[in-house]
Each structure stands twice: as C-alpha cells, then as structure tokens.
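Just below is one structure, and these are the notes that go with it.
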Amino acid sequence: MEDNKIIVQVDKTVIKITGLNIKGLNLQEVEKVIFNKLKSVVRIIGVTGNSIEMDVYGIEEKDILKDQRGIIKAISLADGITLSDLAQISSVKKIKGFDIQHIPEYNGGCRGERWM
C-alpha cells in the first residue's frame, strides 16, 4: 500500500472576475464576504491589479452565472476592491471529476506532483 498514490479532485468551480481595481486586499476578508453570499467554501487562488480568481466548492456553474451581479456586488464590499464599469465574471469553469474505478495509472511524471 505504501506505493499506492491517489490524487483526489474536489467538487469545485473556478471563477474569474475582471474589471476590478484591487489595492491593499485582505484575502481572508474577501473569502468571508463570498462565503456569506454563496454559503459555500471559497479560496482565493489568484489576484492581479484588475482581477481575482477563486475556487468555490459545491456550487454549480449555472448557479454562479444566475447571480453574477450579486456576486460582483458582494466582492465590492471587501476593503481594497473597487468596481469599474466593466466589472464582470469573465469565466466560470466547473472542474470535472471522474469515477474512482477509472483512476489513471500514476507514472510519476507530473511535475506538479513532485512533492509525493
């Protein structure tokens, strides 16, 4: 069993919001604001001066797209973020899972898994 390696993929959706002006951002505050809006765990995975990208767990793409304006408005409540007229959710991508009975063979070649 020591040689067995399992990579787990969690049910998550990646959201990218652009058209923001970001300066002096508290990531934990943003995660809390979005958690309160979506009632789901959120992790910020990328921030630039005009965009923010996050993982949202347990929410479908269609549910996020249904409330785009509400999510953007919630984000604007965080200190360090102001909206421009172009603020929008630029991408929403559900990370696809697969059946555990069909896990691909691990060949040790993925550079992202060097820590294993």
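What follows draws every value from the coordinates through simple rules; no lab data is involved. On a predicted model such as this, the values are computed, not experimentally measured, just so you know. In this analysis, Cβ positions are derived from the backbone assuming ideal geometry, glycine residues included, and neighbour counts consider all displayed protein chains.
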Note down the nm distance, to one decimal, between modelled labels 7 Å out along Cα→Cβ at LYS96 and at GLU61. 1.0
Which of LYS23/LYS66; LYS23/LYS93; LYS12/LYS32; LYS23/LYS62 exceed 21 Å between C-alpha atoms? The answer is LYS23/LYS66; LYS23/LYS93; LYS23/LYS62
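Normalised radius of gyration for the range 12-95, please: alpha carbon Rg relative to 2.2 N^0.38 Å, two decimal places. Walk me through the intermediate numbers first.
Details: Rg = 11.2 Å, N = 84, 2.2 N^0.38 = 11.8 Å.
My calculation over the Cα atoms of the range 12-95 gives 0.95.
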